[in-house]
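Visitor: Before I ask anything, here is the structure I am working with.
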Amino acid sequence: MSDRVFPGLGDRARQRRLLEALLFASTEPLTEEALTARLGEDAELGLLLGELAEAYSDRGVNLVRLAGGWTFRTAPDLAPLLASERPVIRRLSRAAVETLAIVAYHQPVTRAEIEAIRGVALARGTLDRLLETGWVRPKGRRDAPGRPLNWVTTPAFLTHFGLDNLKELPAIDELRAAGLLEIGPAVLGDVPPPAEDADADQFAE
């Protein structure tokens with residue numbers, strides 16, 4: 001998107017219309033900085049967002065904050081009615097899911113730290129597959145021997161899981177109690193050298 005500010009937008013109703021159009025046209029959440037660049041510094045963005053959110057509060061789509069930005073999403077009570085069945089071509093293996101969880105809760109984290117937390121060596125291609133999903137990415141290198149890459153989650157990860165920021169992640173104990181995550185101790189220095197991963201870490205068809 002261009003940062004050009006449209007002329008003649010002093011009227012708040014016109015600013016609200018442009019704000020609505022920008023949010024509908026965008027395929028990803030828009031930050032307040034990006035919206036201000038389009039509406040102008042004189043726009044009362046917080047007030048405009050509040051008015052727009054209120055206007056859509058009882059409609060089929062709601063204005064919500066996700067991944068540090070603003071976007072329209074299907075109203076939560078309608079989501080079950082819009083669910084559709086479709087063939088699942090591929091899904092992440094258990095090892096990949098555990099690796100994603102470790103990155104989410106321990107980021108920035110290196111490959112060696114991921115292996116230490118899981119207690120097994122990371123199968124080849126695990127991080128590559130998570131990269132393909134767009135949910136993790138490398139971010140700089142650790143100031144340590146070998147200068148290993150640090151891994152972090154992406155805004156796409158937050159958007160996919162309906163989170164505004166990482167503070168909204170459920171407690172890791174809650175995931176364990178629900179049987180959704182089984183990983184080793186999180187104290188990196190107190191685990192033995194990783195064994196070979198028994199999980200083939202392949203996508204299931």
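The values are calculated or read from the model by the stated rules, or taken from the named source; none is laboratory data. Note that this is a predicted model, so its numbers are computed, not measured. Cβ: placed from backbone, ideal geometry, glycine included. Neighbour counts: every protein chain shown. Accessible surface is based on the protein model in full, side chains and every heavy atom, while ligands, DNA and RNA are left aside. Shrake-Rupley method; radii C 1.70, N 1.55, O 1.52, S 1.80 Å.
Visitor: Counting just the residues of the stretch 44-80 that are out of contact with any helix residue (DSSP H, G or I) (no Cβ under 7 Å at 6 or more places or on another chain) and β-branched (Val, Ile, Thr), which one comes out surrounded by the fewest Cβ atoms within 10 Å (Cβ to Cβ)?
Guide: Val61
Visitor: Here is a check on your reading of the model: is Leu49 among the aliphatic types (A, V, I, L, M) and modelled with pLDDT under 85?
Guide: No: the conditions fail for Leu49.
Visitor: Right, another one. Among the residues of the stretch 121-133, how many are touching a helix residue (DSSP H, G or I) at 6+ places or on another chain (Cβ under 8 Å) and open to solvent by less than 30 Å² (accessible area, probe 1.4 Å)?
Guide: 6
Visitor: Identify, please: which residue in the stretch 81-94 is at pLDDT 80 or above and open to solvent by 100 Å² or more (accessible area, probe 1.4 Å) and is, among those, farthest from the chain's Cα centre (by Cα)? Before the answer, list the steps.
Guide: First, pick out the residues of the stretch 81-94 that are at pLDDT 80 or above: 81, 93-94.
Still in the running and open to solvent by 100 Å² or more (accessible area, probe 1.4 Å): 81, 94.
Details: Leu81: 24, Arg94: 19 Å.
That would be Leu81.
Visitor: Mind checking which residues of the stretch 20-43 are in a loop (DSSP other than H, G, I, E, B), free of Cβ contacts under 8 Å to residues at least 40 places away in the same chain and buried (at least 17 other Cβ atoms within 10 Å of the Cβ)? Steps first, answer last, please.
Guide: Residues of the stretch 20-43 that are in a loop (DSSP other than H, G, I, E, B), as a first pass: 26-29, 31, 40-43.
Right, trim to free of Cβ contacts under 8 Å to residues at least 40 places away in the same chain and you get 27, 31, 40-43.
Within the stretch 20-43, Ala43 is the sole residue that qualifies.
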